[in-house]
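Visitor: What follows is a single structure, and I will ask about it in a moment.
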Amino acid sequence: MVAREPEESPRPSASVSVCLPARNEASTIAAIVREAVRLQIVAEVVVLDDGSTDDTAAVARSAGARVVSESSVLPHTGPGSGKGNAMWKSLYACTADVICWIDADLRNFRGEYVERLCAPLLADPDIMFVKGYYTRSFEGAPTGGGRVTELVARPLLSLLFPKLADIVQPLGGEYAARRRALEVLPFVEGWGVELGLLVDVVERFGRDAVAQADLDAREHRNRPLEELGLQALAVMTTAMRRAELLPEVTAPFVELLRAAPDGSVTAQPVEVRERPPIVTVPEYRARFGRPR
């Protein structure tokens, strides 16, 4: 089974698919969907449900989203995991020429976020990719979030990709891009997807093809420190691969090793597989009229 077509025709003036990759975000997703569906530029709001066990799908559908199960999209391409895998599949599930991704755990989302992210794309045909930036709250304080960005991503960009040092939030989950740019790029399946796309867009289309949009402040769920080590390793692996410093790493997972006081060491797998450019998938080419 493949993703269902939209139940209604897009509005004539609409040109954007808003997509929320989501897993167990029932407490926040409805408010985001309700804000997004009312926007004139939005053709559809698609929730790519990545195996939720709560009421995410039902809540999103009631709020006006078209809900697509990750497992139903291009199943013959094999199993995948992680946010990047869901985003890759959303290129097939969504229909518009501009895709705007929004994290489903935002607590302060406003519809104007979509408008700000998409404005450069709708105004300038040379812009391919727009990253949102914002201040990030942390445990009640107005700033202090984005720990992996500050401790891992920003130092890596400074060392390996200094022309991207002016990107305020390289790991931010709110961004928009043209389909024709996204479809020719690989997608890291796990937490490395944001950095991978940013580096690959600039490599393919140039730094001037990337714009930034001010989204004010971001309020979302902060992950515990032990989870951030996994995310940091995914980001490091992605950056080092693109800098050709880890060409020998071809396994689908790398391992984060943790030592305990008793001397034992545990290994936690971190997803680093990459989906190929989706334009290489025959079903995608057929659906969107791409040449072989």
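Visitor: Of the listed values [x] 69, 36, 33; [y] 59, 40, 36; [z] 61, 48, 38, identify the label whose number matches Cα extents along the principal axes in Å calculated from this model.
Guide: Here the calculated entry is [z].
Visitor: Right, here's the next one. Please report Ser71, Ser264, Ser158 as a ranked list, fewest other C-beta atoms within 10 angstrom at the top and most at the bottom.
Guide: So the residues, fewest neighbours to most, are Ser264, Ser158, Ser71.
Visitor: Let a ≥ b ≥ c be the square roots of the eigenvalues of the Cα gyration tensor of segment 189-292; is it rounded (a/c under 1.5), or, if not, prolate (a/b larger than b/c) or oblate?
Guide: Prolate is the answer for segment 189-292, as a/c is 1.5 or above and a/b outweighs b/c.
Visitor: What is the gain in length, in nm to one decimal, between Glu226 and Ala58 on full extension, counting 0.36 nm per residue of separation less the C-alpha to C-alpha distance?
Guide: Answer, rounded to one decimal: 57.4 nm.
Visitor: Hey, another quick one. In deg cm²/dmol, rounded to 500, what helix-only [θ] at 222 nm does the chain give when every DSSP H run of at least 4 residues adds -39500 (n - 2.57) and the total is split over its residues?
Guide: Helix contribution divided over all residues of the chain: -9000 deg cm²/dmol.
Visitor: In what order do Trp191, Trp88 fall by count of nearby beta-carbon atoms within 10 Å, going from fewest to most?
Guide: Fewest-to-most ranking of Trp191, Trp88: Trp191, Trp88.
Visitor: If you stretched the chain out fully between Arg285 and Ala260, how much longer would it get, using 0.36 nm times the residue separation minus the C-alpha to C-alpha distance?
Guide: Contour length minus the Cα-Cα distance gives 4.0 nm.
Visitor: Looking at segment 165-261, which trypsin sites (Lys or Arg not before Pro) are in a loop (DSSP not H, G, I, E or B) and have at most 13 other Cβ atoms within 10 Å?
Guide: Answer by residue number: Arg221.
Visitor: Next up: Given the options Ala153, Thr56, Gly196, identify the residue whose Cα lies farthest towards the positive end of the charge dipole of the chain (+1 on Cβ of Lys, Arg; -1 on Cβ of Asp, Glu).
Guide: Gly196
Visitor: To the nearest whole percent, what portion of all C-alpha pairs in segment 23-168 is separated by more than 27 angstrom?
Guide: Distances greater than 27 Å cover 31 percent of the Cα pairs.
Visitor: Something else about it: Treat the count of other C-beta atoms within 10 Å as a stand-in for reagent exposure and order Arg107, Arg66 from fewest to most.
Guide: By the 10 Å Cβ count, ascending, the order reads Arg107, Arg66.
Visitor: Using a cut-off of 22 Å between alpha-carbon atoms, which lysines can reach Lys163, once sequence neighbours fewer than 8 places away in the same chain are excluded?
Guide: Straight-distance partners of Lys163: Lys131.
Visitor: To the nearest 20 debye, what is the magnitude of the charge dipole of segment 16-288 about its Cα centre, counting +1 on the Cβ of each Lys and Arg and -1 on the Cβ of each Asp and Glu?
Guide: Dipole size: approximately 380 debye.
FYI, it's all coordinate maths here, none of it is from the lab. Just so it is clear, the model here is predicted, and its values are computed rather than measured. So basically every Cβ, Gly included, is an ideal-geometry build from the backbone, and we count neighbours across all protein chains shown.
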